[in-house]
Amino acid sequence: MVRSHRLVTLPLSLRRVGAWAIEITIVAASAIVPLELGLVAKTHHTGELAPLNPVLSATEEAIAETLAIPIGDENQQVAPLTNLLWSGAIVLPIVLAGSQLYLLAKTGSTLPKRWFGIQVTTATGTPPGLAKVLLREGVGRWGLPVGTAYLIWRYSGAFPGLGILASLSALLLVGEAAIALFDRDRRTGHDRIGGTYAIDAFSPIWQPVEPPLQAVVTETADDWVDGAITAIVLPPEPLPRQQGLWLWMRHHPGTVLVGGSIATVGLVLGTFVGTLLYIQGQANDREIRQQRDQMFLAIVNQLATSDRLSERQAAVLTLASIDDPRSPALLSDLLAQETSSTMLDAIEQALVSLGTETLPALRKLNQAMRSEFASAQGTSQARLAALRLRTTQQAIAKILTIYSGQLPRLDLSRIDLGQTNQPAFRLVLDQTDLSSLNFRSARLAGVSLRGTRFYGRGKDDRWGTFDDAIADLSGAELKQTDLTGAILSRVRLDRTNFTNATLNKADLSHARSIAGNFSNASLVGGNLQQAVLERASFTGANLGNANFSQVNLQAGMISQAQAIATNFTRANLRQSDWREADLSRSNFTEANLDNADLSAANLQNANFTNANLQNANLTGADLNGVNFSGANLDGADFQDAIFVPAPPVRSNQFIQTDPQYEVTAALKGVDFTRVRNLSREQVEYICVQGGIYPRCPAP
């Protein structure tokens, strides 16, 4: 092996650190590189997407649960190549780590250790073997330090901060390695646990340690033989070790016999008593089921034969009190056939009394009643169908209100809780916790959801962890819904329809609403920080004083919107459409408006400091008081853009004087060299303000 002189002269401790760093880097790179390539493939893929591999989904869930981080999209769709690359990100680190451990077990060196001249041996100078390596690396090097750090982090006030976990792990790993500084043989903690030594393979004086000879040398006088002789007396072979329990049993046979008899009798009696209890329990269960069946059949018979309204009402209410699993289905069937509004109220009360277990049956009934109501329009049955639909809606709403914050994860997709006009009806679910529900493609139009929570803490009672309860409103219809102050943070809102909805002061931070429709909605003072709103429509919406900082609104439609004093700091607004929008006093600092259309927009006193406006369309925009300091304006179109409220008044004198403009710092140093369609007046104004343009006079 060729040895670098620099490596030979380095202390063994530094070489051990270097080898360990390379080992970690190789394994980490084998995971990071496929992950990044898979992300690139996912981002640039234009064909058909595929569901995330189940193994990847399970791995993501396990990592998220262990580290208490929010899980991604449960129904994530990725490119086929992404599935392959991300699968490699799981397999490659395992293969590389396993191969390095195998080399260490069989040869005493991994490849990086061999490069740095480090040999891991046992006390006899042999390679450690697989058992010692697993004990050394799995328990000593990683298990104890990282496991201890995890326990401290998980059950202290540091949870769920991942930075603190990383710092604790690094500190304990360094502490475990630093044990070598105080050890005579320079052994680390994992060396001691594994029973190994890390030695210098470059050292020419290194020899394997030989096991000591076990011999006793004695000298005897020549009491009975001539001359002195030396004899080596070997120690006698040890006698076979007697097992303690077996030896005791041989010496106490009577005690063993009595104890065994007692244990046998106890076992027989215990089995007998347990069997009797089991039989009695089964008999009791059968009796209870029989009584319940008899009561259930009696109620069904009464409902089928009685014509008296009071008896039927009593039977329905009794049905809710017998705790029979067949009750929700029977009540749903009764509701679907009932024609009396009084009986409908009784059935509704019974369904609410049964609690959340009736929601699956109510969901199916609600969908059926919605179809019946739609097909009955214009007929004599329309009002009855509307009453049945309203009954299901009211029952669902009451259950959601009563069990707010205690609701299990339920599927309420495609449910209809929306406003109806025959008769006029509007649900109120204000201040309700609906964070554990799936409302995909549900109809919630016109519902009052003021202050309602769709994102909540899970069982650990902490925000931003794995078990957070996050509702799904993808594809839901929320037209004219009142969501003032609602908590929609991190909620899935893809293709959700918020047309004419009220979202004032609502929290949509980190929400995902790709292709969502917020047309003519009101989001005054709303928080949409870091939300994903690609291709979302805000046409005609009121966004005044809302927070859109770091939002992804690429290819969004914001034309004719009112966005006065709105914060778009560091937002991704590429290819977005802002035609005729009122953006006065809004903040676009460091925002990306590449290829954005701002034609005829009102941008008075807006702040575009350090923004990217490459190839942006500013045709006819009102730029009075706009701050372009540090902005990139290459390729931007300024045709007919207005820099001042009105053209300056010129003198009627024979000798014309230069117009007088108020000089500000908004355009000072801004490069207009590569912009398009500047008029003479615009150039004149830019030059006066200190902007950079080829026709401006030298300072």
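The values are calculated or read from the model by the stated rules, or taken from the named source; none is laboratory data. This is a predicted model, so every value here is computed, not measured. Cβ: placed from backbone, ideal geometry, glycine included. Neighbour counts: every protein chain shown. Just so you know, the surface numbers come from the protein's heavy atoms only, side chains and all, with ligands and any DNA or RNA stripped out. Shrake-Rupley method; radii C 1.70, N 1.55, O 1.52, S 1.80 Å.
When you check Arg308 against the structure, is it closer than 28 Å to Ala386 by Cβ and without any contact (Cβ under 8 Å) to a residue 24 or more places away in the chain, yes or no? If you could, list the steps in order and put the result at the bottom.
Values: closer than 28 Å to Ala386 by Cβ: yes; without any contact (Cβ under 8 Å) to a residue 24 or more places away in the chain: yes.
Yes; evaluated as a whole, the condition is true for this residue.
Scanning the stretch 34-52 for residues that are surrounded by fewer than 17 Cβ atoms within 10 Å (Cβ to Cβ) and either under 9 Å from Val78 (Cβ atoms) or touching a residue at least 24 places away in the same chain (Cβ under 8 Å) (or both) gives Leu35, Leu39, His45, Gly47, Leu49, Ala50, Pro51.
Anything in the stretch 393-405 that is part of a loop (DSSP other than H, G, I, E, B) and either of a type in the set (Asp, Glu) or in contact with a helix residue (DSSP H, G or I) (Cβ under 8 Å, 6 or more places away or on another chain) (or both)? List them, or say none. Within the stretch 393-405, Tyr403 is the sole residue that qualifies. Within the stretch 563-598, the set of residues being of a type in the set (Val, Ile, Thr) and either within 31 Å of the chain's Cα centre (by Cα) or within 19 Å of Gln530 (Cβ to Cβ) (or both) comprises Thr566, Thr569, Thr589. Residues that are farther than 26 Å from Thr9 by Cα, open to solvent by 30 Å² or more (accessible area, probe 1.4 Å) and of a type in the set (A, V, I, L, M, F, W, C): does the stretch 122-130 have at least one? Yes, there is a match, as at least one residue in the stretch 122-130 is farther than 26 Å from Thr9 by Cα, open to solvent by 30 Å² or more (accessible area, probe 1.4 Å) and of a type in the set (A, V, I, L, M, F, W, C). In the stretch 107-121, of all residues being open to solvent by less than 10 Å² (accessible area, probe 1.4 Å) and part of a loop (DSSP other than H, G, I, E, B), the one that is nearest to Glu23 (Cα to Cα) corresponds to Thr110. Taken over the stretch 503-523, the criterion of being modelled with pLDDT of 95 or more, outside any loop (DSSP other than H, G, I, E, B) and either of a type in the set (D, E, K, R) or under 19 Å from Phe568 (Cβ atoms) (or both) is satisfied by Asp507, Ser522. Of all residues in the stretch 297-317, those that are of a type in the set (Val, Ile, Thr) and open to solvent by 60 Å² or more (accessible area, probe 1.4 Å) total 1. Of all positions in the stretch 70-90, at least one carries a residue that is open to solvent by less than 20 Å² (accessible area, probe 1.4 Å), of a type in the set (Ser, Thr, Tyr) and more than 20 Å from Gly195 (Cβ to Cβ).
Residues in the stretch 319-350 that are open to solvent by less than 70 Å² (accessible area, probe 1.4 Å) and at pLDDT below 85: how many? Talk me through it step by step, then tell me what you get.
Step one: of the stretch 319-350, the residues open to solvent by less than 70 Å² (accessible area, probe 1.4 Å) are 319-320, 322, 324, 327-332, 334-336, 338, 340-344, 346-348, 350.
From what is left, the residues that are at pLDDT below 85 are 319-320, 322, 324.
Selection size over the stretch 319-350: 4.
May I ask you to list pairs of residues, at least six apart or on different chains, whose Cβ atoms are under 6 Å apart, with the first in the stretch 426-439 being under 15 Å from Thr481 (Cα atoms) and the second being among the basic types (Lys, Arg)? Within 6 Å, the pairs are Asp430/Arg450. Taking the criterion of being closer than 21 Å to Thr126 by Cβ and surrounded by 13 or more Cβ atoms within 10 Å (Cβ to Cβ), the residues of the stretch 184-198 that qualify are Arg186, Arg187, Thr188, His190, Asp191, Arg192, Ile193, Gly194, Gly195, Thr196, Tyr197, Ala198.
Do you know which of the residues in the stretch 469-480 that are in a loop (DSSP other than H, G, I, E, B) and open to solvent by 40 Å² or more (accessible area, probe 1.4 Å) is farthest from Arg440 (Cα to Cα)? For the stretch 469-480, the residue satisfying everything is Gln480.
Contact map, the stretch 318-339: residues that are closer than 15 Å to Phe296 by Cα and part of a loop (DSSP other than H, G, I, E, B) paired with residues that are open to solvent by less than 10 Å² (accessible area, probe 1.4 Å) and at pLDDT 85 or above, Cβ distance under 7 Å, separation 6+ or inter-chain. Pairs shown: Ala320/Ser327; Ala320/Ala350. Filtering Leu389, Leu384, Leu437 for residues that are open to solvent by 10 Å² or more (accessible area, probe 1.4 Å) and under 27 Å from Asp345 (Cα atoms) leaves a single hit, Leu384. Contact map, the stretch 652-675: first residue under 27 Å from Asn615 (Cα atoms) and aromatic (Phe, Trp, Tyr), second residue modelled with pLDDT of 60 or more and surrounded by 10 or more Cβ atoms within 10 Å (Cβ to Cβ), Cβ cut-off under 6 Å, separation 6 or more or different chains; pairs are Phe672/Ile686; Phe672/Gly691; Phe672/Tyr693.
Have a look at Ser404, Ser353 and point out the one that is open to solvent by 10 Å² or more (accessible area, probe 1.4 Å), touching a strand residue (DSSP E or B) at 6+ places or on another chain (Cβ under 6 Å) and under 21 Å from Leu434 (Cα atoms). Outline the logic, then answer.
Numbers: Ser353 fails: touching a strand residue (DSSP E or B) at 6+ places or on another chain (Cβ under 6 Å).
Just one listed residue meets the conditions, Ser404.
Contact map, the stretch 571-590: residues that are farther than 12 Å from Met557 by Cβ paired with residues that are among the acidic types (Asp, Glu) and open to solvent by 10 Å² or more (accessible area, probe 1.4 Å), Cβ distance under 6 Å, separation 6+ or inter-chain. Pairs shown: Arg574/Asp594. Per the conditions (1) closer than 21 Å to Val352 by Cα; (2) assigned to a helix (DSSP H, G or I), the sole criterion not satisfied by Gln280 is (1).
Take the conditions (1) under 30 Å from Val316 (Cβ atoms); (2) at pLDDT below 80; Arg250 misses just one of them, which is (1).
For the stretch 31-67, give me each residue that is of a type in the set (S, T, N, Q), out of contact with any strand residue (DSSP E or B) (no Cβ under 9 Å at 6 or more places or on another chain) and in a loop (DSSP other than H, G, I, E, B).
Quick first cut of the stretch 31-67, residues of a type in the set (S, T, N, Q) only: 43, 46, 53, 57, 59, 66.
Imposing the further condition that a residue be out of contact with any strand residue (DSSP E or B) (no Cβ under 9 Å at 6 or more places or on another chain) reduces the set to 43, 46, 59, 66.
Of everything in the stretch 31-67, just one residue is of a type in the set (S, T, N, Q), out of contact with any strand residue (DSSP E or B) (no Cβ under 9 Å at 6 or more places or on another chain) and in a loop (DSSP other than H, G, I, E, B), namely Thr46.
Of all residue pairs spaced 6 or more apart or on separate chains, those with beta-carbon atoms under 8 Å, a first member in the stretch 442-468 that is open to solvent by 80 Å² or more (accessible area, probe 1.4 Å) and a second member that is not in a loop (DSSP other than H, G, I, E, B) and not hydroxyl-bearing (Ser, Thr, Tyr) are Arg450/Asp482; Arg457/Ala469.
Inspection of the stretch 527-539 identifies no residue that is within 21 Å of the chain's Cα centre (by Cα), open to solvent by 10 Å² or more (accessible area, probe 1.4 Å) and in contact (Cβ under 8 Å) with a residue 60 or more places away in the chain.
Residues checked against (1) closer than 28 Å to Gly108 by Cα; (2) open to solvent by 50 Å² or more (accessible area, probe 1.4 Å); (3) touching a strand residue (DSSP E or B) at 6+ places or on another chain (Cβ under 6 Å); (4) outside any helix (DSSP H, G or I):
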position: Gly138; (1), (2), (3), (4): yes, no, no, no
position: Arg141; (1), (2), (3), (4): yes, no, no, no
position: Pro145; (1), (2), (3), (4): yes, no, no, no
position: Thr148; (1), (2), (3), (4): yes, yes, no, no
position: Trp153; (1), (2), (3), (4): no, no, no, no
position: Phe159; (1), (2), (3), (4): no, no, no, yes
position: Ser167; (1), (2), (3), (4): no, yes, no, no
position: Leu171; (1), (2), (3), (4): yes, yes, no, no
position: Ala178; (1), (2), (3), (4): yes, no, no, no
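Given the criteria within 29 Å of Arg414 (Cα to Cα) and surrounded by fewer than 22 Cβ atoms within 10 Å (Cβ to Cβ), does Asn520 qualify? Yes, satisfied.
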